[in-house]
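All remarks here apply to the structure that follows.
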Amino acid sequence: DPGQDGCTFHLLTPEDKLSFCSKNAQDLMVWQWKVTQAVCQALRGKKDFPVLGAGLEPSEPPACRCVAYTFRAEGRLCQATYEGEWCRGRPHGRGTLRWPDGRNHVGSFCQGLEHGFGIRLVPQASEDKFDCYKCHWRGGSMCGYGICEYGTDEVYKGYFWAGLRHGFGVLESAPQAPQPCRYTGHWEKGQRSGYGIEEDGDRGERYIGMWQADQRHGPGVMVTQAGVCYQGTFQADKMVGPGILLSEDDSLYEGTFTRDLTLVGKGKVTFPNGFTLEGSFGSGSGKGLHTQGVLDTAAFPPDPSSTRKRQLGVGAFPVESRWQGVYGPFRDFISAGCPGDEQEALLGFHVQNSRELRKSQEYLCCERTQPEACAGRMEDVLDELLLHREPRALRECLEKALSSSRHPLGKLLRTLMLTFQATYAGIGANKHLQMLAQEEVKQHARELWAAYRGLLQVALRRKGQAPEEDEDPEARDLQVHSLVLPLMLPSFYSELFTLYLLLHESEDSLYSQGIANLSLFPDTKLLEFLDVQKHLWPLKDLTLTTNQRLSLVRDKCFLSATECLQKIITTVDPREKLEVLEKTYGEIEATVSRVLGQEHKLPMDDLLPLLIYVVSRARIQHLGAEIHLIRDMMDPIHTGGLYDFLLTALESCYEHIQKEDMRLHRFPGRWDSKELW
């Protein structure tokens, strides 16, 4: 390496830098010629030393080579053998490092340091086990996304910074561990910090809330396998101050209590029947609860929203800030211009299951897409976004992107699915978390739309086109509800709908009993029971056999409308469910028009009893959960329109079927539509 003064050159070796100085340029040339000749001969394996100036001039030694070398100087590489690509005396490119103690590193290097994707094995001294790190590295330490499989059978999948867990990550112990545990959430400098979910399999508990320095700290919600859940403020892993405790029988306690759910200190219990008990609580020498206070048996029954439907966590964890560790790397990826070679480090990658790797002994194997392929695919992704900007084409493009595990949007969706399942599946399937889950799904839809917009702006800049103007909130919400939410909802529907089922279980139970009782009526008796005017009865649809009487036929009237309404459970898209409801309404009117022999628009007094008839014959399970999910997830643009009107009519039918007088008494002569609305 020539020096700047013209009288010096440097000889670069893996561990030293030797400087050759001379009094004049002629002597320097001789030294440089000799050293270059020696290097070239060593590389060729020959030891012929021609006289200076005789024969062919030696060629310049290549700056990049491939060779093995064992480091001897003290430091982190002492006694380690590197075999692979070099450049200017430093490991550079792909190579393998092996230490005498059994450590191995296979991956990419840059100027002597691990940089890029690499796999490192670190043996454990006490047992015949090892830790395996499949990570992205920067400047010699783990930085970016990685998967670490520890000798303890724990597995961490998430982000690193300066060799420590930092950002979003999942740490999971082996299922057979003495104390199985799983944490899904944010990390800071190797410690759990920020919003996170921890499941303790041994205690059957799941904590949802804030962390600091590896301890529960701040607002949090605890859900137990027994159905009990509580919310409070935590400090140093312990709950401090008053909290809210909801038991499985819908009793509500507001006050102080211990982790094993023993009531201590001042508090108030509200029982499901409306009784309240307020005073001081504690445990005496014997079993049971000891209290000194006032029992109020004259109180009115509580509002269902305060006990059975009480929602926890809402307001304690702003939905915009819960999963910033997931959204953040995607935003960084877009801000950097979507570089293909950084896609894995920022958005993650997929590798074989750790158990399969260990069984096959292919420890240093990792099925990944090469950076060159990632860069090419990223160009294709951005080009495709530019080609599909019209509404119909955009929907198809987004549907394809979200269904692909290799597309940036698909990767983001899968990570969000992982966090949603970690929170609301299994132990987290608790009715008091329904609102928390609902607002989270909507926020994910907004973030996915923002991610698409970010990718589109990068694509436009790469083509030298002017970026699109920022959307106003109304236009953004329209796209989120009409385009993104229907495409991503199937990924969250199972856990979300389960929460709706649990929240509306009691109403659905009354509804099911009402349906069972109404199903005992033949068609004509049920139409009469519902006070449907006789000139609207489709008696021509009642085909009789020789042994049947008109009063015994069931499930024949308004059959087309009934079959149409039953399709409401075949889709998860709220808009498609509303379209089914609209078609059902159309089928009812079409049947009535056919009976009357002319087109007929049903007034509300006639529509509601007919709709109740169709609902009772459709026998849709969990209709209350369906209605509330549609109401919560439907596009706000439909508020006050036809869909809103029809959904309100369906809600009225659902409520009337639950009523006691529906099961035991006949309705009054006419329907009061004002009362229903």
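Averaging 1/r over each pair of different alpha-carbon atoms in the chain and inverting the result gives 31.0 Å, the Kirkwood hydrodynamic radius. If R0 equals 41 Å, the separation of the Cβ atoms of Lys309 and Asp380 corresponds to a calculated FRET efficiency of about 0.25. Computed from Cα atoms, the angle from the helix 25-44 axis to the main principal axis of the chain rounds to 60 degrees.
In region 73-309 the Cα-Cα distances spread across 10 Å bins starting at 0 as 7, 23, 23, 16, 12, 9, 6, 3, 0 percent of all pairs.
Can you tell me the accessible area per residue over the chain, all protein chains present, probe 1.4 angstrom, in square angstrom? Could you put the intermediate results ahead of the total?
On the way: 33700 Å² over 677 residues.
Heavy-atom accessible area per residue stands at 50 Å².
A Förster distance of 51 Å, applied to the separation of the beta-carbon atoms of Val294 and Glu563, puts the FRET efficiency at 0.35. Relative to the dominant Cα principal axis of the chain, helix 623-633 is inclined by about 50°. Note on Thr262 and Val30: the extension gain reaches 74.6 nm, defined as 0.36 nm multiplied by sequence separation minus the Cα-Cα distance. For trypsin sites (Lys or Arg not before Pro), the sites in region 201-245 that DSSP calls loop and that have at most 16 other Cβ atoms within 10 Å are Arg203. Under 15 Å of direct C-alpha separation, and excluding same-chain neighbours fewer than eight residues apart, Lys34 reaches these aspartates and glutamates: Asp1, Asp48, Glu57, Glu60.
If you roll a 1.4 angstrom probe over the protein chains with everything in place, what fraction of the accessible area of the chain belongs to carbon and sulfur, to the nearest %? Working shown, then result.
Working: 17570 of 33700 Å².
Summing carbon and sulfur atoms, their accessible area is 52 percent of the total for the chain.
Helix 391-402 and the long axis of the chain differ in direction by around 60°, with both axes built from C-alpha atoms.
Local charge for Glu254 was computed over the other residues whose Cβ lies under 12 Å away, with Lys and Arg +1 and Asp and Glu -1, and equals +2. Computed from the C-beta positions of Ser519 and Glu248, the FRET efficiency with R₀ = 35 Å rounds to 0.65. Per residue of the chain, the DSSP helices (runs of n ≥ 4 H) give a summed -39500 (n - 2.57) that works out to -11500 deg cm²/dmol at 222 nm. In terms of distances greater than 22 angstrom between alpha carbons, the cross-link table entries Lys567/Lys659; Lys238/Lys309; Lys534/Lys556 yield Lys567/Lys659; Lys238/Lys309. Among the GluC sites (Glu not before Pro) found in region 189-268, those both in a DSSP coil and sparsely packed, with 11 or fewer other Cβ atoms within 10 Å of their Cβ, are Glu248.
Treating the beta-carbon of each Lys and Arg as +1 and of each Asp and Glu as -1, no other charges, what is the dipole magnitude of the chain about its Cα centre, to the nearest 20 debye? Provide the component values of the computation, followed by the final result.
Numbers: 76 positive and 91 negative charges, 276 e Å.
About 1320 debye.
For the chain, what is the relative contact order in percent, using Cα pairs closer than 8 Å and at least 6 residues apart in sequence?
On the way: 1109 pairs, mean separation 39.0, N = 677.
For the chain, the relative contact order is 6 percent.
The values are calculated or read from the model by the stated rules, or taken from the named source; none is laboratory data. All values derive from a computational prediction rather than experimental measurement. Cβ coordinates were reconstructed from backbone atoms using ideal geometry, including for glycine residues, and neighbour counts include every protein chain displayed. Each accessible area value is taken on the protein alone, full model and side chains, heavy atoms only, with ligands, DNA and RNA left out. Shrake-Rupley method; radii C 1.70, N 1.55, O 1.52, S 1.80 Å.
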